[in-house]
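Quick notes on the structure that follows.
The values are calculated or read from the model by the stated rules, or taken from the named source; none is laboratory data. As the structure is a prediction and not an experimental result, all values here were calculated from the model. Positions of Cβ are backbone-derived with ideal geometry, glycine not excepted, and every protein chain shown enters the neighbour counts.
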Amino acid sequence: MPSAITLDSCILIEFFRAKDKSKTMFAKLVRDNTPLFISTVVLFEVLSGLNASNQESCMELLRKVVCLPFDERTAEIAADLSRTLRKNRIQLESSDLFIAATAFAHDLSLATLNRKHFERIDGLKLFNDGK
């Protein structure tokens, strides 16, 4: 088990949508007392999808994670990643690029349900939940 993990937005979305929340990756990580982080980009994605019926439960959940800023260092890492990916003719959405850069900037593994999006980034540590 890694000492700390940053989450992709799909981890939180899965939790909100699941009928049996105890089977989600987020619930497993919380049960394991894993320190959890999100990037400001993930915060934006999650908050953008909120509606009145799930806003309170979402805000309660977000208090369980630490939000990491998209700062100057992270922007520099994202720019380097972007140039490398472009050179290798690999396309990646900007939001995924920023999430990966945040993981690199803080030396964290990334938990995602969209591994295919992130496996193309050399050196990015992806959390493996044993599945």
Response to the item:
How many residues of region 45-87 are within 18 Å of I5 (Cα to Cα), of a type in the set (S, T, Y) and surrounded by fewer than 12 Cβ atoms within 10 Å (Cβ to Cβ)? The answer is 0
Worksheet item: Within the bounds of region 28-48, is there any residue that is modelled with pLDDT of 90 or more, under 28 Å from G123 (Cβ atoms) and assigned to a loop (DSSP other than H, G, I, E, B)?
Response: yes
Worksheet item: Considering region 72-116 alone, what residues qualify as being assigned to a helix (DSSP H, G or I), more than 12 Å from the chain's Cα centre (by Cα) and not aliphatic (A, V, I, L, M)?
Response: E72, R73, T74, E76, D80, S82, R83, T84, R86, K87, S94, K116
Worksheet item: Taking the condition in a helix (DSSP H, G or I) and either out of contact with any Gly (no Cβ under 6 Å at 6 or more places or on another chain) or of a type in the set (S, T, N, Q) (or both), does C67 pass?
Response: no
Worksheet item: Between residues in region 39-58 that are more than 16 Å from R17 (Cβ to Cβ) and residues that are among the aromatic types (F, W, Y), which pairs lie under 8 Å by C-beta distance while being six or more apart or on different chains?
Response: S39/F70; S39/F98; T40/F70; V41/F70; V41/F98
